[in-house]
1. Classify the stretch B:204-326 from the C-alpha gyration tensor, please: rounded if a/c falls under 1.5, else prolate or oblate depending on whether a/b exceeds b/c.
2. Which parts of the stretch B:88-110 would a label at B:LYS59 reach, counting a residue when its backbone N lies under 18 Å from a point 7 Å out along Cα-to-Cβ?
3. Considering the Cα positions of chain A, please state its Rg to one decimal place and its Dmax as a whole number of Å.
4. Can you work out the accessible area per residue across the stretch B:204-326, with the rest of the protein chains kept in place, probe 1.4 Å, in square angstrom?
5. Report the residue, chosen from B:TYR61, B:TYR122, B:TYR137, that carries the largest GNM mean-square fluctuation when chain B is represented by alpha-carbon nodes joined by springs under 10 Å.
6. Counting only other chains, what is the mean number of Cβ atoms within 10 angstrom of the Cβ of each residue in peptide A:10-22?
7. Give the average, rounded to an integer, of partner chain Cβ atoms located within 10 angstrom of each Cβ in B:206-213.
8. So how far apart, in nm, are the two label points at B:GLU123 and B:ILE179 if each is 7 Å from Cα heading toward Cβ?
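The values are calculated or read from the model by the stated rules, or taken from the named source; none is laboratory data. The shown structure was predicted, so the numbers you read here are calculated from the model rather than taken from an experiment. Because the Cβ atoms are built from the backbone with ideal geometry, glycine has one as well, and the counts that use them run over all protein chains shown. These accessible areas exclude ligands, DNA and RNA; they are computed on the full protein's heavy atoms, side chains included. Shrake-Rupley method; radii C 1.70, N 1.55, O 1.52, S 1.80 Å.
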Amino acid sequence: MKIKANIANSQDGFVFDPTTGDSFSLNQTGIEIIEMMKQNLKEEEIKSTILEKYDIDSNILDRFYLDFLSMLKQFNLVDLNG
Amino acid sequence: MDKINLTIGVTGLNNTDNPGPGVPVIRALRESHAFNTRIIGLAYENLEPGIYMKDLVDKVYMLPYPTDGTEALLQRISYIQSKESMDVLIPNFDAELFTFMKTEARLKEMGIHTFMPTLLQYEERHKSQLPAYGKKYGMRVPKSVELFSLEDVSQKSEKYDFPYMIKGKFYDAYIAGNIDQAKSYFHKVSAKWGLPVIMQEYITGTEVNVIALGDGKGNMIGAVPMKKQYITDKGKAWGGITLDDPVLLETTRQIIEKTKWRGGMEVEMIRTDDNELYVIEINPRIPAWAYLAVAAGQNLPEALVKLALGLPVKPFTEYSKGKIFIRYSWDLIIDFNDFQKFSTLGES
């Protein structure tokens, strides 16, 4: 799954969709995931980076990661054809 | 390149919570790289804030209401022209446009250039004509019908699901959730804007607007899409952001191309959750949020003046996305003598 090409995000976690004018705030983990998605990292690569960096169980990460992706889809921030 | 000196008349100085486009249009003209402008404000009421914004207007005159007819308007404009020698006049109200369009040739004889839609363009995009307009130009539009009486509200209501919109022919729109509300809004709107009142299908989605300028030959000189971020209880944008949406621009371009639109316009659209785009209104003039487009890189009022004067205009191809405007209120303090002078003499 890819973040839409025109989505802008800042280091502070501010995400802006210029097509709809909507903006969102991310926490630190969200910022890191979006950054990795924009670098076209695969899901497994993103998850292993998070698992290495943070003290989190992989099952819990799976659940939160899925939630996060659902939210990105819901807000039309991802390119479903990508 | 040397700037051209121009005297420009501008109406719509009512910079209130339901703002006219006059003040932002003047602001845009003041920032023109092509013109040095002397601005003649034209007002209908003596408390229009723009009258007293001395850094924006050089001189202001009262105009007769459009209901007084074309002769009264021409007489007044003729007097103003004898004093000011206006090169261009930009009318900014829907309600006055008809009168100005009818007098366009006479204004030209006085040396006043305008750049307005043709009568046909103006008439056929009326809210009440929207279904036929959509059919003619291949646009998706909401179902709507004209109302002339309370009986009409009851009868035509049977063919519409609640909620639906009750709209004035020029301004105002209310969401009616039941027949009693619909009748109440019919009274309210007809008392203010006359008949017909329009009953329109309610489209759920996100409202997006495009400011645009057509050259009258089918070319789009510029266009900037905007989403309202903060809306007043009158439905007016108090904050908005420019969008990067090629579909909105293409829809607008097609409208301009097919209608050969002449002048400024605002296309109001709703994007549904299913990503369908409905054109809900076409306003035949520059909207009050025009300065956002200027700040985003498209000085459309300046381009409109060039078109009015027959000067070459290069179409805009770019604008800044994510540019935001936020309105604010500011208490303008004026001396009683200024108010008195304008109220009694009709000019200041």
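1. Since a/c reaches 1.5 and a/b is larger than b/c, the shape of the stretch B:204-326 is classed as prolate.
2. B:88-90, B:110
3. Rg, Dmax (Cα atoms, Å): 12.4, 37.
4. 39
5. B:TYR137
6. Taking the mean over all residues of the peptide, I get 4.
7. Details: counts 3, 0, 3, 0, 0, 0, 0, 0.
Average neighbour count from other chains, rounded to a whole number: 1.
8. So the two model labels end up 3.5 nm from each other.
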